[in-house]
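Have a look at the structure below before the remarks.
Every number here is computed from the coordinates shown, using simple stated rules; none is lab data. Note that the structure is predicted; figures quoted are calculated from it, not measured. Cβ coordinates were reconstructed from backbone atoms using ideal geometry, including for glycine residues, and neighbour counts include every protein chain displayed.
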Amino acid sequence: MYILIVEACERLCYYTIYGGQVYFLRDAGCDFAALGDGEYCMSTSVASSIRSCFRLLAYVFPIFGGYLADNIFGRYNTILWFTLAYVIGVVLMAVGALPAIVDTKAGPIIYLVGGFVFTAIGTGAIKPNVVNFGAEQYDTSDPVEAEQQKSYFQYFYMVINIGSIFASVWTVTYATSKVTSEGPGSGFFVSFTIAAAAMALSLLCFVLGTGKYSAESKARAQHKPMVSIIRKHLTHSLGTSHAMKGYCSIIGLVLIPVYLVLALVGSLVGDAQPTFMQVGSASGITLFGLIAFILCVVSTLLIIYCHYDNSWIPELDTPQGSITSADVRSAFRILPTLFAINVGFNVGYNSMDIYQLQACQMNVQAPDVSWLKSFLLIPQIPGQLNGNFYSLGNNASIIIMIPLFEALIFPMLTKMRGGRPIPRKSKYILGFLLVVAANMVGVVIEVFRRKADFVPCPGDWSAADQHNYCKNGLLIAGCSSQPMRTMSAWWTFWPYFITGCGEIMVNPVLQEFAFDEVAPKLRSFMMGFTLVTMGCVPSVISALFAGFVPNDMDNGPIIWCYVINSAVSVVCLLGYFTIAIPDKLHGAALEGSSIKAETLG
C-alpha cells in the first residue's frame, strides 16, 4: 500500500510538470506586451521538443538508478535519496514560476535547472526501483502470491494513473487558468507548489512504510562487477568468428548516449540551429534532431540484428557472486523485444501530446456552473479547461479497463484456451492496433475541427475581460492563445481513451516481461533499460516529428504527424514478428538465446 501511495503521488507530480511544460515555456521569461498576435515567448515546436527531452531525461536516468540499486545502495536507499532530490527539483520549479520571477529571464532558467537536473534525475532513479521494490514484497514460493505478483504490474499501472488524474483534472488546468494578455499569472506557481507537496507526501509515506518492507528489499546492495562483465562478453567475441555481431552490438549500444545527448543539446539550442522543411506555423526539422533521429534508427537496427539470436555471446568464467554468462544472455535476450515494442507503441502513444494541443483550439469552455468551476479550480471568467484535462480519457480507460481485463476478460479467455494464459504477443498486437486506431480518430477529429466555426466573444463580458480573453471579437483559448472552434474539446476524450486501452496491453506487460525474463541480479538495471527504450528512444523520434507541430493548428501539417506516428507503429509491429521470443514457461529460465521467431499461443 505504501508503495502504491508513493507512486500515485509521484505521477501526480510528474504529469503536473509534463502536462504544463509547453504552456509554461511558451509564456514565461518575456514581455507579453511586446508579443504580436499568435506569438509566444517560445514557439510551440521548440517547447514541444524541450518537453520531449525532459521526458527523455526522465527515462534515461532509470538505467543509472537501476545500476545504483543493484550494485551500490540497494533499492530502498536509492528510492529514499532520489525522492528527496525530486522534492528539491519541484520546489525549484515552483520558485521559477513565482509571479515576481516568472516574467524575468531568471524564471525559465530556475525552472529548467529544477526540472532537467533534480526532477529528471529523481524521477528517473526511482522509476525502475519502485515497481521492482513492490514486486519483491511477494513470496514467489507461494503459488498464490506468485500469481498475484503477475497481476501486481497491471494494478500498479492502474494506481499510478489515479495519481495522474489529479494532474489532468486540476493542476494543469489551474496552471493556465491565470494566463491573460498581460502575462502567465500565478497559476503555474500554485500548480507546481501542489506538485512539490505531493512529492513531499510521497517521501513521507515511503519512510513510514519502512517497517513493513521485506528485509531483502531493504538490504544494501553488495558491490559486484556488472557493466565490466557485460562489456567483457562483448569484447571477447571480437576475437571469434562472431566478431561482426560483437562490433555491431558495441556500436549500437555506444550510439544510444550519443543520440540522446544530441537530442538534448538540440532542444536547448532551439531556433539557433539550422532547420528544414518548415511548413505553415511549424518550425520544421532541426539539424540536431535529424542527426539524432538517424543515429537512433541505426542503433536500434544494429541492436535488434545482433541480439535476436544470442548464441554468439561466449561462455566465460566470472568472479564468484557476480553475474554469470547466463545472466548476461538473459539481459541481451530481451533487447529486441524492448526496442521493437517500445519504439513502435510509444511513438504512436506520444500523439497524446498532439491531442492536448488540438483540444486547445476546440471549445474548452467548462459548463457555466459556479460550483463545478470552483471544484475544477478555474475562474468564472474565462471559465476554460486546459487541453490536458481531456487526457482524463486515458486515465479513465486504464482505471476502468484494468480490473475488467484482470478479473473478467483474461480469466474468461484463459478458460476458453484450456487454461493456457494469454500470450504477451497477442496483447502487444491488440495494443498496437488500438494506438493506431486512436491516431486515426485524431485525424478525423482534426478534419471536422477545421470545418467548425469560431467561438465569438461573449457580449456581456466587461471591456477588461474582453481585452484579456478575446481578439478580433473571437474567444481565445488560454492554453493556446488562438481562437477556439465551436467543436467540443470533449471529442479528444476518445483518442485518449483508446490509447489507454492499448497502453494496458503493452507498457505494464513489458515491465512484467523484463522482471520475469531477466536474472534477479540484473533486474533493476534492465528495468532501467526497459524505461530507456520506453521513454527515451520514442522521444528522440517524436522530437523530430515535433518540428511539424504548429503554433496554430489551423496552419500546419498536424494530420501528417498522426499519419507518420501510425506508420512507425505499423512498421515496428511487423518487425517484431520476425524477432518475437516465446513466453517463459512455468518460470523456467530459457537459455534459448538462439530461439528466433515463433508463433505464440
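Calculated from DSSP H runs of 4 or more alone, at -39500 (n - 2.57) each and per residue, what is the 222 nm mean residue ellipticity of the chain, nearest 500?
That comes out to -20000 deg cm²/dmol.
Can you compute the charge dipole magnitude of the chain about its Cα centre, using +1 on each Lys and Arg Cβ and -1 on each Asp and Glu Cβ, nothing else charged? Give it in debye, rounded to the nearest 20.
860
Taking the radius of gyration and the Kirkwood hydrodynamic radius from Cα positions alone, what is the Rg/Rh ratio for region 30-165, to two decimal places?
1.12
Going Cα to Cα from LYS373, which lysines come in below 26 Å? Please leave out same-chain ones fewer than 8 positions away.
LYS178, LYS471
To make sure I understand the rule: partners must be aspartates and glutamates, Cα under 14 Å from the Cα of LYS521, and not fewer than 8 residues away in the same chain. Which ones qualify?
Straight-line reach from LYS521, under 14 Å: ASP70, GLU136, GLU216, ASP327.
Sum up the charges of everything whose Cβ sits under 11 Å from the Cβ of ASP139, counting Lys and Arg as +1 and Asp and Glu as -1, but leave ASP139 out.
Value of the local net charge: -4.
Check which residues have an amide H placed less than 5 Å from SER488's amide H, if you skip close sequence neighbours.
Residues meeting the criterion, in which the H sits 1.01 Å from N, are ASN363.
At R0 = 45 Å, how high is the FRET efficiency between VAL254 and ALA463 if r is their beta carbon distance? Nearest 0.05 is fine.
0.15
Quick one: give the max-minus-min coordinate of the C-alpha atoms of region 1-100 along each principal axis, largest first, in Å.
On the principal axes, region 1-100 reaches 53, 24, 21 Å in Cα extent.
Where the centroid of each part is defined by its Cα atoms, how far is region 391-450 from region 127-153 in Å?
Each part reduced to its Cα centre gives a spacing of 23 Å.
What FRET efficiency comes out for the pair ALA219/VAL444, r = Cβ-Cβ distance, R0 = 45 Å, nearest 0.05?
Efficiency, rounded to the nearest 0.05: 0.25.
Would you grab the residues whose amide H sits under 5 Å from the one on LEU475? Only those 5+ places off in sequence or on another chain, please, with H modelled 1.01 Å from N.
Long-range HN contacts for LEU475: VAL455, CYS457, MET484.
Taking 4 °C and 1.567 mPa s as the conditions, I'd like the Stokes-Einstein D for the chain in µm²/s, using the Kirkwood hydrodynamic radius from alpha carbon pairs.
53
Starting from the Cα of LYS105, draw a straight line to each of the aspartates and glutamates and keep only those under 19 Å, dropping any in the same chain fewer than 8 residues away.
Within the straight-line cut-off, LYS105 pairs with ASP27, ASP31, GLU39, GLU182, ASP271.
Tabulate in residue order the Karplus-calculated ³J(HN,Hα) for region 567-572, using 6.51 cos²θ - 1.76 cosθ + 1.60 with θ = phi - 60°, rounded to whole Hz; enter x for Gly and Pro.
So the J values, rounded to whole Hz, are 4, 4, 4, 5, 4, 5.
Set the Förster radius R0 to 35 Å, insert the Cβ-Cβ distance between VAL298 and GLN278 as r into 1/(1 + (r/R0)^6), and round the FRET efficiency to 0.05.
Result of the calculation: an efficiency of 0.85.
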